[in-house]
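Structure first, commentary second.
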Amino acid sequence: MQISDFRSDTVTKPTDEMREAMRNAKVGDDVLGDDPTVKKLEEIAAKKVGKEAAIYVPSGTMGNAIAVKVWTNEGEEVIVEEKSHIYNFESGHLAFISRVIPRPLPSDRGVYDLERLKAAVNKRKDYHVPQPTLITLENTHNFWGGAVIPLEHFKEIREIADRKGIRVHLDGARIFNASIATGIPAYEYASYVDSIMFCLSKGLGAPVGSMLAGPADFIEKARHVRKMLGGGMRQVGVIAAAGIIALQKMVDRLSEDHRRAKTLAYALSEMPGIEIDPENIETNIIFFKVKREDLTAPELVEKLKEHGVLALSMSDEDIRMVTHKDVDDGDIRHAIETFKKILLR
Ligand code: TLP
């Protein structure tokens with residue numbers, strides 16, 4: 001049976017070129033600072049996003065957790081978007097590791113309401129009141145269906161943060177999807193934030209790892225926190241080698257994933273009992289609602305699976321499908337035909 005896996009872009013397998021680079025990677029003990037492949041990856045990554053330095057971390061979650069830990073003191077407030085990954089889907093590290101108070105704010109597709117944001121930032125200086133010291137942003141925004149945050153919004157947030165002297169951290173797990181969708185280089189988005197985390201192991205196809213980039217002294221502190229969290233790895237050039245290929249060779253092809261997501265979204269918009277606005281699909285993530293008497297989202301996911309189409313149900317009504325390098329036009333046709341079989345009966 002043909003298996004078409006739309007659960008996430010994290011399911012992508014390393015390319016042959018990556019495996020070859022991994023086999024031949026020059027390695028050393030990275031905790032002692034002498035893995036040349038990791039050093040090279042960190043230099044390339046910092047340059048890509050226009051920051052002084054970068055550090056290789058095992059996961060996006062660890063990258064975000066380190067950033068919050070370095071920028072904040074316990075008891076301070078961190079502003080998060082209410083559907084953001086850092087707030088909802090990272091096992092509560094804001095509270096557990098950094099001991100900060102998340103202040104969730106509503107948004108329009110990941111774009112904060114500026115008045116609400118200003119009010120949250122301009123808190124009364126009073127010893128009763130926890131003070132915000134960090135604003136977080138997510139681009140593209142996962143649970144807003146891969147929405148791209150406009151560059152203009154980055155400028156507005158920078159201004160608000162600067163007026164109060166507070167930091168901005170970008171969860172840019174899929175920053176290159178945003179960049180390919182808009183033509184705006186990743187370093188331009190990153191120029192408005194103090195730190196950025198981005199993933200190598202999602203659409204870019206590397207097997208493991210994310211990068212955290214920012215000012216050199218921030219990255220020095222990040223090295224200490226990474227070690228504390230058990231993220232210091234030894235001959236890790238073996239996987240960093242795949243990360244280098246991810247950054248150098250796998251960015252431009254993301255446009256194919258975006259095209260396929262659009263095709264799938266338009267087809268879904270014509271199915272009975274499926275709610276989706278295909279115009280909103282800007283990158284590689286599709287969320288849609290199942291509004292049928294006879295079928296919940298988890299039940300539909302089960303039926304899809306019987307035909308080899310894998311998707312994730314996110315609630316009783318919501319399904320997420322993600323396109324990536326390991327699903328091609330044939331997989332899109334397979335998915336559309338399967339939806340028809342199930343829904344047009
Ligand atoms: N996202 C995963 C799941 O956790 C949902 C996925 O399949 O999309 N920021 C954003 C915006 C993310 O989407 C993710 C992972 C992370 C951070 C965390 O990255 P990892 O999984 O490497 O810890």
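Where a number appears in this text, it was derived from the coordinates with a stated rule and is not lab data. On a predicted model such as this, the values are computed, not experimentally measured, just so you know. Heads up, the Cβs are rebuilt from the backbone with ideal geometry, glycines too, and the neighbour counts pull from every protein chain shown.
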Next on the checklist: Give me the extension gain from residue 122 to residue 235: residue separation times 0.36 nm, minus the current Cα-Cα distance, reported in nm with one decimal.
Outcome noted: 36.1 nm
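If you count, for each residue, the other Cβ atoms within 10 Å and average over each peptide, how do 242-254, 60-72 line up from highest to lowest? Before the final figure, lay out the partial values.
Numbers: 242-254: 20.3, 60-72: 25.2.
The densest-packed peptide leads the list: 60-72, 242-254.
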Item to check | Of 274, 141, 314, farthest towards positive along the dipole that unit charges on Lys, Arg, Asp, Glu beta carbons give the chain | outcome: 141
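Could you state the orientation-averaged shadow area of the convex hull built on the Cα atoms of the stretch 53-189, in nm² to one decimal? Walk me through the numbers before you get to the answer.
Details: hull surface 32.8 nm².
About 8.2 nm², averaged over all directions.
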Checklist outcome for this item: Any residue on another chain or 5+ positions along whose placed amide H is under 5 Å from the amide H of residue 101 is listed here as 75, 76, 77, 78
Checklist entry - At residue 17 and residue 344, where each label point lies 7 Å from the Cα along Cα→Cβ, what is the point-to-point distance in nanometres? => result 3.9
Item to check | At 1.306 mPa s and 10 °C, Stokes D of the stretch 253-343 from Kirkwood alpha-carbon radius, µm² per second | outcome: 122
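Give me Rg/Rg_expected for the stretch 196-324, where Rg uses Cα atoms only and Rg_expected = 2.2 N^0.38 Å with N residues. Numbers along the way, then the final one.
Working: Rg = 19.3 Å, N = 129, 2.2 N^0.38 = 13.9 Å.
That ratio works out to 1.38.
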Checklist outcome for this item: Semi-axes (Å, rounded, descending) of the ellipsoid equivalent to the chain per its C-alpha gyration tensor are 33, 27, 17
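Lysine pairs in the stretch 1-70 8 or more apart or on different chains: how many have alpha carbons under 16 angstrom apart? Before the final figure, lay out each step's value.
Values: 26/39; 26/40; 39/47; 39/48; 39/51; 40/48; 40/51.
Lysine pairs meeting both conditions in the stretch 1-70 amount to 7.
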Item to check | Between the stretch 227-244 and the stretch 113-151, the alpha-carbon center distance in angstrom | outcome: 32
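For every other residue with a beta carbon closer than 14 angstrom to the beta carbon of residue 298, add +1 if it is Lys or Arg and -1 if Asp or Glu, then tell me the sum. Write down the numbers at each step before the final one.
On the way: positive: 7, 289, 292, 303, 305, 320; negative: 294, 299, 302, 306, 316, 317, 318.
In short, -1.
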Checklist outcome for this item: Note: residue 255 to residue 315 extended length (0.36 nm per residue) minus current alpha-carbon separation gives 18.7 nm
